[in-house]
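Here is the structure we will look at, set down as structure tokens.
The values are calculated or read from the model by the stated rules, or taken from the named source; none is laboratory data. Since the structure is predicted, the reported quantities are computational estimates derived from the model, not experimental observations. Positions of Cβ are backbone-derived with ideal geometry, glycine not excepted, and every protein chain shown enters the neighbour counts. Ligands, DNA and RNA are excluded from the accessible area calculation, which covers all protein heavy atoms including side chains. Shrake-Rupley method; radii C 1.70, N 1.55, O 1.52, S 1.80 Å.
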Number of protein chains: 2
Amino acid sequence: MSERASPVIGILGGMGPAATADFYRKLVLATPAVRDQEHPRALIWSDPSIPDRASAYLHGGASPIPGLIDGARRLEDSGADFIAVPCNTAHLYLEPVREQVDVPVLDMIDATARALALRHERSRVALLGTAATVRSGIYRTAFECRGLLSVEVHAAEQQLVSAAIAAVKAGDVLRAAELLAPVLEALERRGADAIVGGCTELPLAAEHLMVGSTFVDPSTVLAGACLDRVRSLTPDSVLKGPLAS
Amino acid sequence: MSERASPVIGILGGMGPAATADFYRKLVLATPAVRDQEHPRALIWSDPSIPDRASAYLHGGASPIPGLIDGARRLEDSGADFIAVPCNTAHLYLEPVREQVDVPVLDMIDATARALALRHERSRVALLGTAATVRSGIYRTAFECRGLLSVEVHAAEQQLVSAAIAAVKAGDVLRAAELLAPVLEALERRGADAIVGGCTELPLAAEHLMVGSTFVDPSTVLAGACLDRVRSLTPDSVLKGPLAS
């Protein structure tokens, strides 16, 4: 096969599995291809058995690191040229994973902050995510580095966000949207220019809501970063053109 | 990790990539799980560079078999316990693949005929698919074995179906639905009790149409067959209960 040497996008997923399916769908939709053979190859390791990242961070539950390393190695051993992890909270644990594999592991958090800074200089950004993602400050730090201001999410609002994430994981997207609606309204009233759906489950619910301010989906940003990486590895591919948005 | 021995569903995809994302979404939705850790693990090799199956069958184009075997071996080598191929036309080429791997490769065509026969004994079934799938007769043979009757799709209708498949592959699902609508209406007028969306692209378009008769999606049937297989491998898992429908 002449295309044997084409790059392979590695996706370390299953956190949760619905978000992984959604991420791959976004990657396919973002690819400016009109026939199968123009799409890049991808290898997806979906391991929902990886211990809950938020529980590990907040309550000292079982560590997700061994499962993440196992998955990253499987992807590398099977030919992945780089690895994307479509799970925000997992980004708290990626440094030890990067130490164990020789292929790059992309950074969805920094890619999102960079994309926001390009679109909204000095803008006010609210972060929705698991309590672990929010408390860890990984997004806040990335926002500050890129000159963005943060709009706080209150404790009662965080409870609604956490309940919405659990509802998506349980398959009830409409319930999640109901839970999320008042939070988005309140954040917009408090001046948020952009709201980051910083948990891969949240954009699935936000699709069912009217959002006045900009809703930024980090997994869509990550899909774009994957295609950028493929283009850098194959400068003569059809992907060299402008990306579909 | 205590769940290291849990089964791994292998998915040989990329034919096309959007259908693969859709298949994994269906698999996740069909799983009766309320938390990530209850979902089975999956390994998805999405190789859109595999030569077009319909072109190979109809016009003697490049064979998809080497790419299919390469993918199946990757999945087996990386720990897949069995393999599902969410592409109807690829089923024309699965026998040589089965000879090259030691893990089972599920049969979506027979699983679909079996499901139809259980629901509609002696019913009249119309098959929509690529020209290659239709002409090959793999569905017709499976239908006959299960006592089902076939409703013919005329040549002009087949052209619309082929155009609809190409439209989905190019990302234009609504155009595909427009192309498909008159075909479905005509088949229902000619007495079809059930219409099989025998190309993984077609259910994506049919979601946008009102279908009076039963629209059967073989990739949904295949997702159910994967979960049945996981349950047979892990009799004590949460999947032992009735599946979500």
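Okay, residues lined up against (1) assigned to a loop (DSSP other than H, G, I, E, B); (2) under 23 Å from A:Met15 (Cα atoms); (3) open to solvent by 60 Å² or more (accessible area, probe 1.4 Å):
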{"residue": "A:Val101", "(1), (2), (3)": "yes, yes, no"}
{"residue": "A:Ala111", "(1), (2), (3)": "no, yes, no"}
{"residue": "A:Ala117", "(1), (2), (3)": "no, no, no"}
{"residue": "A:Arg135", "(1), (2), (3)": "no, yes, yes"}
{"residue": "A:Tyr139", "(1), (2), (3)": "no, yes, no"}
{"residue": "A:Glu144", "(1), (2), (3)": "no, no, yes"}
{"residue": "A:Ala164", "(1), (2), (3)": "no, yes, no"}
{"residue": "A:Val168", "(1), (2), (3)": "no, yes, no"}
Pairs where the first residue, in the stretch A:151-179, is free of Cβ contacts under 8 Å to residues at least 40 places away in the same chain and the second is crowded, with 18+ Cβ neighbours inside 10 Å and among the charged types (D, E, K, R), C-beta under 7 Å, 6+ apart: A:Ile165/A:Glu201
For the list (1) out of contact with any helix residue (DSSP H, G or I) (no Cβ under 6 Å at 6 or more places or on another chain); (2) modelled with pLDDT of 85 or more, I need the number of the one condition that B:Ala225 fails. (1)
Working carefully through the options A:Gly16, A:Gly71, find the one that is closer than 30 Å to B:Glu201 by Cα, more than 9 Å from every other protein chain (Cβ to nearest Cβ) and open to solvent by less than 30 Å² (accessible area, probe 1.4 Å). A:Gly71
Yes or no: the stretch A:51-59 includes at least one residue that is buried (at least 21 other Cβ atoms within 10 Å of the Cβ) and outside any loop (DSSP other than H, G, I, E, B). yes
Return yes or no: is A:Ser46 open to solvent by 30 Å² or more (accessible area, probe 1.4 Å), touching a strand residue (DSSP E or B) at 6+ places or on another chain (Cβ under 7 Å) and outside the structural domain of A:Gly171 (by TED's automatic domain parsing)? no
The stretch A:177-190: number of residues that are open to solvent by 30 Å² or more (accessible area, probe 1.4 Å) and farther than 15 Å from A:Ala166 by Cα: 5
Could you identify the single residue in B:Pro96, B:Pro86 that is farther than 19 Å from A:Ser6 by Cβ and in a helix (DSSP H, G or I)? B:Pro96
Among the residues of the stretch B:119-133, which ones are open to solvent by 10 Å² or more (accessible area, probe 1.4 Å), closer than 19 Å to B:Ala56 by Cα and not hydroxyl-bearing (Ser, Thr, Tyr)? B:Ala131
Condition first: touching a residue at least 12 places away in the same chain (Cβ under 8 Å) and at the interface with another protein chain (Cβ under 7 Å from one of its Cβ atoms). Now tell me which residues in the stretch B:53-68 satisfy that. B:Gly67
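Looking only at the stretch B:74-83, count how many residues are assigned to a helix (DSSP H, G or I), facing chain A (nearest Cβ under 10 Å) and in contact (Cβ under 8 Å) with a residue 12 or more places away in the chain. Don't jump to the end; show me each part of the working.
Here is the first cut: in the stretch B:74-83, the ones assigned to a helix (DSSP H, G or I) are B:74-77.
Narrowing further to those that are facing chain A (nearest Cβ under 10 Å): B:74-75, B:77.
Those left that are additionally in contact (Cβ under 8 Å) with a residue 12 or more places away in the chain: B:74-75.
Qualifying residue count, the stretch B:74-83: 2.
Return yes or no: is B:Arg114 more than 9 Å from chain A (Cβ to nearest Cβ) and either of a type outside the set (S, T, N, Q) or touching a strand residue (DSSP E or B) at 6+ places or on another chain (Cβ under 6 Å) (or both)?
Details: more than 9 Å from chain A (Cβ to nearest Cβ): yes; either of a type outside the set (S, T, N, Q) or touching a strand residue (DSSP E or B) at 6+ places or on another chain (Cβ under 6 Å) (or both): yes.
When the stated conditions are applied, B:Arg114 passes them.
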Starting from residues that are outside any loop (DSSP other than H, G, I, E, B) and more than 7 Å from chain A (Cβ to nearest Cβ), keep the ones in the stretch B:28-50 and report whichever is nearest to A:Met15 (Cα to Cα). B:Glu38
